[in-house]
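The values are calculated or read from the model by the stated rules, or taken from the named source; none is laboratory data. Predicted model, so just to flag it, every value in this text is computed and none were measured. Note that we place each Cβ from the backbone using ideal geometry, even for glycine, and neighbour counts take in every protein chain shown.
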There are 2 protein chains.
Amino acid sequence: MQFECPLPQADHDRVQIAHGAGGRLSRELMATVFMPALNNPMLAELDDQARLILPPGRVAFTTDTYVITPLFFPGGNIGELAVHGTVNDLAVGGAVPRFLSAGFVLEEGFPLADLQLIVSSLGQAAAKAGVSVVTGDTKVVQKGQCDGVFINTSGIGEIREGIDVSCRHLQPGDRLILSGTLADHGIAVLCAREGLSMQMSVESDSASLNAMISAVLEVFPGIHAMRDPTRGGAAATLNELASASGVGIVLEEEAIPVHPEVRGACELLGIDPLTVANEGKVIIAVPSNGADAVLDALRRDVHGKNAAVIGEAVGDHPGVVVMRTAYGSRRVVEMPLGEQLPRIC
Amino acid sequence: MQFECPLPQADHDRVQIAHGAGGRLSRELMATVFMPALNNPMLAELDDQARLILPPGRVAFTTDTYVITPLFFPGGNIGELAVHGTVNDLAVGGAVPRFLSAGFVLEEGFPLADLQLIVSSLGQAAAKAGVSVVTGDTKVVQKGQCDGVFINTSGIGEIREGIDVSCRHLQPGDRLILSGTLADHGIAVLCAREGLSMQMSVESDSASLNAMISAVLEVFPGIHAMRDPTRGGAAATLNELASASGVGIVLEEEAIPVHPEVRGACELLGIDPLTVANEGKVIIAVPSNGADAVLDALRRDVHGKNAAVIGEAVGDHPGVVVMRTAYGSRRVVEMPLGEQLPRIC
C-alpha cells in the first residue's frame, strides 16, 4: 500500500497535491494566488459559504464548467472566459450579474505562474463586468488525471423588474438580431490548437456582454428572447429557440456577419460558421417595432458594432430553421449532432 | 490537421464527445439521464439560467468540485457526495439549503450506466435533503483528459433570521461538540482504493446534515460556530476556528469518538484520525449553557447518535489547538500541511 507523500516536493513553482488538501499549503495558495486577484470582503471572510444580501425579487442562477484547450488562446484565456461565459448566461436571462463562485480543478505539476496569470485574468474580467467572486474551491488531482486546469463558475444575478425573456417567448414576426460576426471564438481556438495562428489575425470574441445587454433592455424592455450562441453555435441556439417557442425561423444568409478571414478558414476546413462556438455574441428576438432601437443600442457598444438583423420568426414550419441562401435557394439549418471542436469552452 | 468525428461512435453505451457539444446528443443525454433523475419545473425550462424566487434577506452561496476516487465507495458515490458536501457547507453557515447547480466533466468512454447511477443517486440525495437541482452543465473531454467524472455543485441557501454563526465567533468557554465518530469517510475510501474492503465493515459517513442542524438551531439558536470537518479533517477545522477567532482550543483525546475498526486502521497505517476527512459530521461551538441542549438535539438524529463534547475554547494560547492525551500529557494538534489521501472528496 502506498500513500502520497504529504511533504512539499522540491519544485515550488508547480501545483502540488497538498495545495488542494485543505491544509497549510491550501491556505498558502489562497493567500498568494487567489486573494490578491479576487480580493473582496466576502471572500476574505474565508467561511465555507459567502453571505450575500440580495434585494427581494427574482434571482437568476447558472453554472458552467470551462475545459477549453489551449488554456491561452488568441484573444483570451480560460480565466476570463470562465467569467464571460457565466456573466453572459445571466445577462441573456435579463438579469444583472452580481456574484460568482469559482471552483478550480488543477493538475499536479501545473506551473504556478500560469495559474497566477489565469486567476488574475479571471479577477480582472470579474471587476470589468461588475461581479464579485465571493466563494471558491480548489482541488488538485494527480498528474495525468485532468488536463491542466478546469474551472467551474456559477453565477447569481438579479432579474430586472418587468423583464421576461425566455427561449419559449419567440413569436411570429419577431426580428432576429445577431450582435456581430459569427464563429470568431471557435476558429481562433482551432487555429491556436492546430498551430495555424501565424496565418490568421482572428481573435476570440470572448467578452462580457452584460453592459451592452443592459443598454438594450433600457431602450426596449419588451425583448422576447435572448441567447448567447456558444457550444453548437448559432445553429444550435436558433433551433432551440424555434423548438422551444413552436415557431419557424427564416434566416437571410447574406445578412449574417462573418469576418472574411473566418469565412475563408471555414470554407477551407469545410465547417459551417453557423455551427461554430462564439463567446461574445448574443442573438436577440424582438418584436418588429423594437428592432431599430435594439440595433442602434447594440451598435453603440464596441461588442455590437457589427450587429445586424439576420432573419425573423414565422408561423410556418414550427420548430424548423430555414436559410435563404445567397443564391436564392432555401436549406434547412439543422440542430448540429455534436461539435466539430471538442473543448471549445 | 485533424478534427474529431462529429458522428456517433459505434459504442452507444458510453459517453461520447458529442454528448458535451450542445447539439442533439447533448439534448438526448439531458432527456434520458439528467431530467428523469433531477426533474423539477425550473430545470425543465431548459433556459441557460434558472429563475428563483427567494424571500428577502441574507443568502448563503457556496461551491465545491468533487473529484473523489473511486467513484463508488463503501457507503456512497460521487453523486450523493456532491449533494451532501454542498448542502452541509450551506447548513453550517446557518442557512436552509434550497437550490443546487450541477456541473459535470465526463471522460469520453465513461459507461453511461455508471453515469445514470451517479446522477440518479445525486437526484435522490437532493430530494432527501429538500433541495432542487435547478441548473446544470455537462462537458465531455477526450479519453485520458480527466479521470471518469468530476462534479461541481454550487448551492444557494436562505440564512435564518437571528442566526449568526461564523468561524470568527468562537469565545473562551465555548464547548466544542462533535456530532459523531471521526475519520469514517477517509478510511472507507482508502480501504476501497487499496482493495482492503474485505477486511473492514466501515462505511463512509457521507450524509446531508441540514435536518439535524435545523433541529439544533431550533433548540439553541445562539450557536457561535459550526464547521464540517472535511478535507484536512478535524485538525484543520479546529485550527481554522482557533486562528480565525483568536482563541485557544483544548481537546480531550478520550472524549473523541472513533469507531474501533477505524482506530485500528489508523494505527496500522500510521494516520492520525484527526487529520482524516469526514463527510457527515459537524463540529459545533456553543456557549456552555447551551451544550446539553445541543447534545440532546444531535443525539436524537441518526447522524448524531454518537455526539460528544470533545473540548473547549480557552483564552490561553490563541490560535493553537492542544490535545490532552489519554496518558495525561499534552500535545499540539497542528494544521496539517496537506492530506495523506488525495482525491478524498
(request) Give me a count of the residues in region A:273-326 that are among the small types (Gly, Ala, Ser), assigned to a loop (DSSP other than H, G, I, E, B) and surrounded by fewer than 17 Cβ atoms within 10 Å (Cβ to Cβ). (result) 3
(request) Look at B:Asp292 and say whether it is out of contact with any Lys or Arg (no Cβ under 7 Å at 6 or more places or on another chain), within 29 Å of B:Ile78 (Cβ to Cβ) and outside the structural domain of B:Leu81 (by the TED database). (result) no
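Each row is one residue, and each column tells you yes or no for (1) under 25 Å from B:Thr86 (Cβ atoms); (2) more than 22 Å from the chain's Cα centre (by Cα).
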| position | (1), (2) |
| --- | --- |
| B:Pro260 | no, yes |
| B:Asp272 | no, no |
| B:Val294 | yes, no |
| B:Ala308 | no, no |
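Name the residue, out of B:Ser166, B:Ser179, that is modelled with pLDDT under 95 and either touching a strand residue (DSSP E or B) at 6+ places or on another chain (Cβ under 9 Å) or not assigned by the TED database to the domain that holds B:Thr230 (or both). If you could, list the steps in order and put the result at the bottom.
On the way: B:Ser179 fails: modelled with pLDDT under 95.
Result of the check over B:Ser166, B:Ser179: B:Ser166.
Let's see how each residue does on (1) within 21 Å of A:Gly75 (Cβ to Cβ); (2) touching a residue at least 60 places away in the same chain (Cβ under 8 Å):
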position	(1), (2)
A:Ser120	yes, yes
A:Asp137	no, no
A:Gln142	no, yes
A:Asn152	no, yes
(request) Under 8 Å between Cβ atoms, at least 6 apart or on separate chains: pull out the pairs that start in region B:252-281 with a residue that is in the same structural domain as B:Val67 (by the TED database) and end on any residue that is aliphatic (A, V, I, L, M) and part of a loop (DSSP other than H, G, I, E, B). (result) none
(message) Being closer than 30 Å to A:Val67 by Cα, out of contact with any Ser or Thr (no Cβ under 7 Å at 6 or more places or on another chain) and not charged (D, E, K, R): is that true of A:Val276 here?
(response) yes
(request) Return a yes/no flag: does region A:217-240 have any residue that is within 14 Å of chain B (Cβ to nearest Cβ) and on the phi > 0 side of the Ramachandran plot. (result) yes
(request) Look at region A:241-272 and say how many of its residues are in contact with a Lys or Arg (Cβ under 7 Å, 6 or more places away or on another chain) and either in a loop (DSSP other than H, G, I, E, B) or surrounded by fewer than 24 Cβ atoms within 10 Å (Cβ to Cβ) (or both). (result) 5
(request) Could you check, for region B:14-21, whether at least one of its residues is away from chain A (no Cβ under 13 Å) and at pLDDT 80 or above? (result) yes
(message) Can you tell me which residue is surrounded by the fewest Cβ atoms within 10 Å (Cβ to Cβ) among those in region A:55-74 that are out of contact with any Gly (no Cβ under 8 Å at 6 or more places or on another chain) and in a strand (DSSP E or B)?
(response) A:Gly57
(request) Would you please list the contacts, defined by Cβ atoms under 6 Å and residues six or more apart or on different chains, that run from a residue in region A:205-231 that is in a helix (DSSP H, G or I) to a residue that is of a type in the set (Gly, Ala, Ser) and modelled with pLDDT of 95 or more? (result) A:Asn210/A:Ala91; A:Asn210/A:Ala129; A:Met212/A:Gly304; A:Ile213/A:Ala91; A:Ala215/A:Ala297; A:Val216/A:Ala297; A:Val219/A:Ala293; A:Val219/A:Ala297
(request) Look at region A:49-70 and say how many of its residues are within 7 Å of another protein chain (Cβ to nearest Cβ) and either among the polar types (S, T, N, Q) or free of Cβ contacts under 8 Å to residues at least 40 places away in the same chain (or both). (result) 7
(request) Return yes or no: is B:Leu274 under 22 Å from B:Ala129 (Cα atoms) and modelled with pLDDT of 95 or more? (result) no
(request) Test each condition in (1) within 23 Å of the chain's Cα centre (by Cα); (2) farther than 23 Å from A:Ile344 by Cα for B:Phe34 and report the one that comes out false. (result) (2)
(request) Go through (1) surrounded by fewer than 23 Cβ atoms within 10 Å (Cβ to Cβ); (2) within 13 Å of another protein chain (Cβ to nearest Cβ); (3) touching a Ser or Thr at 6+ places or on another chain (Cβ under 7 Å) one by one and return the number of the condition A:Leu46 breaks. (result) (3)
